[in-house]
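The values are calculated or read from the model by the stated rules, or taken from the named source; none is laboratory data. The shown structure was predicted, so the numbers you read here are calculated from the model rather than taken from an experiment. Here Cβ is always computed from backbone atoms with ideal geometry, including for glycine, and neighbour counts include all displayed protein chains. Protein only, heavy atoms only, side chains kept; ligands, DNA and RNA dropped before computing areas. Shrake-Rupley method; radii C 1.70, N 1.55, O 1.52, S 1.80 Å.
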Amino acid sequence: MDEVAKAVEECARAAKLAAPSLARATEEAVDAALRGMAERLQTHREEVLDANRADVAKARADGMSAGLLDRLTITPERLDGMAEQLRLLAGAPHQERSVEVSTLDGGLRLIERRRPVGVIGANYEARPNVTVDVASQLVKSRNAGVLRTGSAALGSAQRLRDTVIAPALAEAGIDPDVVQLVPRVEREAASALVRLPGLVPLVILRGSGDSTRALATEAAVHGVRTLAHADGGGVLYVDAAADAGKVRDLVSASLDRLGVCNRLNLLLIHDEVHDAVWPSITAALAERGVTPSLAPHEHAIGYEWALDSDREATVTVERVSGLDEAVEIANERTSGLAAGIATEDEAAAGAFFDGYTGTGVFWNAPTRLLDGFKLLAVPETGINLDRVPGPRGPVTYTDLYVRQYAVQPA
């Protein structure tokens, strides 16, 4: 076994050995651990920020794009937000562990028991806040975890694990080994993580398109299930009955950050109102420093600009004949993450909602809202786009369980 795979397996075995400590922890202990993480984020903030500054400085020197640098950076305000999310998660209700289903013949009771998966892996790139997001969700759901982040964020992640997460778990009486961080920078560590079905049966995949899809395929070959978030990009359709002022606000609100999956990538404008709303749209784009990509396009209509290090500050603009064409484009030529309609016509909004099959749909609201914390008031492990039964959209602690059916006397 090569050294990278050995390091990943050692983390997985340590997490599995520690998992029972978390699985049997009381609700009070779990929530105390989360509150402890929030407190330690504040008391050790300079250590965390110093580690992050070092990561950012190295990444900038290595030529990382502006959007990715934004993802990598923990500002003091973002650190405060991370702490607040932990406190809110600590106060959120726990998942019901036993749910009465029905009474069977002979007076027997059928009960659905919700049990932890055991050990869940997570692979994500240069976003150190995800270390806290995922770790906290796993702790709340009583699952141990093996976290693997990209080389750019590893220093920040290690500081978060060593000074925030692990000590808070220990202080709450939970084995700190339940949250492991792979200490290797090599990309091969991601492949190793999805090859351990006996230790890590489920892996959360967050990252850019092709690499994440390749990992999901590799995981399937090895019998490992995945919750994958490979692609993103928000769509906004400007309907014939749109209010130009609201359109300007929506475009601006959808582009407050460019390196995120739920930002505006594709703007579809009804032919009838294009000339009327275009001045408002160009003003909003100019304020955000974003360039419109106009027809004829040299790229796919649904191209995800957030993944393009050279042209992140770009939005594709396309004129459409009406709502039906907009829905067809959103369904067939984009990732299916999120699409919104700008309109004052309730019937048009209803038709858009019924027609669009993607994960999130919005009426006079920005696609940036497709986020676990913004929608559900708890952090997310990722956004799942699968079109099969199971967790879809922002995945949170309430989704990270397996069912067990119990039959017992009445």
Could you give the nm distance between label points at Ala253 and Val221, where each point is 7 Å from its Cα heading toward the beta carbon? 4.5
Positive dipole terminus of segment 205-349, leading residue within His270, Thr217, Gly245 (C-beta point charges): Thr217
extent check for segment 313-388: Cα max minus min per principal axis, descending, whole Å, gives 39, 32, 25
Treating segment 171-233 as a set of equal point scatterers at the Cα positions, no solvent, please give the Debye-formula log₁₀ I(q)/I(0) at q = 0.14, 0.17 Å⁻¹. -0.46, -0.63
Taking Cα centroids, how far is segment 338-410 from segment 60-139 in Å? 16
Where does each of Asp345, Asp249 land when they are ordered by accessible area, with a 1.4 Å probe and the largest first? Asp249, Asp345
Here the net charge surrounding Leu88, from other residues whose Cβ is less than 15 Å away from its Cβ (Lys, Arg +1; Asp, Glu -1), is -3
Projected-area mean, the chain, by convex hull of Cα positions, square nanometres: 22.3
Descending semi-axes in Å of segment 345-397, equivalent ellipsoid built from Cα gyration tensor: 23, 15, 7
Measure nothing but the geometry: give the 0 to 90° angle between the long axis through the Cα atoms of 274-288 and the longest principal axis through the Cα atoms of the chain, rounded to 10°. 50
In terms of Cα to Cα distance under 13 Å, which aspartates and glutamates are near enough to Lys58, apart from those fewer than 8 places away along the same chain? Asp50
Could you give the size of the charge dipole of the chain about its Cα centre, using +1 on the Cβ of each K and R and -1 on the Cβ of each D and E, expressed in debye and rounded to the nearest 20? 1600
Quick check: at a probe of 1.4 Å, how many percent of the accessible area of segment 141-242 sits on carbon and sulfur atoms? 49
For segment 10-78, the convex hull over Cα atoms projects on average to an area in nm² of 6.9
Can you list the GluC sites (Glu not before Pro) in segment 251-342 that are in a DSSP coil and have 16 or fewer other beta carbons within 10 angstrom? Glu298
Estimated D of segment 279-361 in µm² per second, where Rh is the Kirkwood radius over Cα pairs and Stokes-Einstein applies at 4 °C, 1.567 mPa s: 92
Within the set of other residues whose C-beta is less than 9 Å from the C-beta of Val224, count the net charge using Lys and Arg as +1 and Asp and Glu as -1. +1
Would you calculate the convex hull of the Cα atoms in segment 120-237 and tell me its volume per residue in Å³? 117
Nearest-ten-degree value, helix 76-91 long axis tilted from longest Cα axis of the chain: 60
Computed lengthening from Thr282 to Arg387, 0.36 nm per intervening residue step minus Cα-Cα distance: 34.3 nm
Determine the per residue accessible area of the chain with all protein chains present and a 1.4 angstrom probe, expressed in square angstrom. 42
Dimensionless Rg/Rh of segment 80-174, both radii on Cα and Rh by Kirkwood, sits at 1.13
Quick one: what do you get for segment 253-410 if you divide its Cα Rg by 2.2 N^0.38 Å? 1.21
Measuring from the longest principal axis of the C-alpha atoms of the chain, the long axis of helix 323-332 (C-alpha) lies at a number of degrees, nearest 10, equal to 40
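Need one number for segment 223-289: average projected area of the convex hull over its C-alpha atoms, nm².
Values: hull surface 23.3 nm².
Seen from a random direction, the Cα hull of segment 223-289 projects 5.8 nm² on average.
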Would you list, by chain and number, the aspartates and glutamates whose Cα falls below 15 Å from the Cα of Lys16, excluding same-chain residues fewer than 8 positions away? Asp175, Asp177
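Where does segment 163-319 land on Rg/Rh, using Cα atoms and the Kirkwood Rh?
On the way: Rg = 21.3 Å, Rh = 18.7 Å.
With Rg and the Kirkwood Rh in hand, the quotient comes to 1.14.
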Mean separation of Cα pairs under 8 Å and 6+ residues apart, divided by the residue count of the chain: what relative contact order is that in percent? 19
How large is the translational diffusion coefficient of segment 24-125 in µm² per second when you combine the Kirkwood radius over alpha carbon pairs with Stokes-Einstein at 37 °C and 0.692 mPa s? 188
Note the full-extension length gain between Leu110 and Glu27 as 0.36 nm times their separation in residues minus their Cα-Cα distance, in nm to one decimal. 27.4 nm
Of all DSSP beta bridges having both residues in the chain, the percent classed as antiparallel (nearest 5) is 30
Around Val117, what is the net charge, scoring Lys/Arg as +1 and Asp/Glu as -1 over all other residues with Cβ under 10 Å from its Cβ? +3
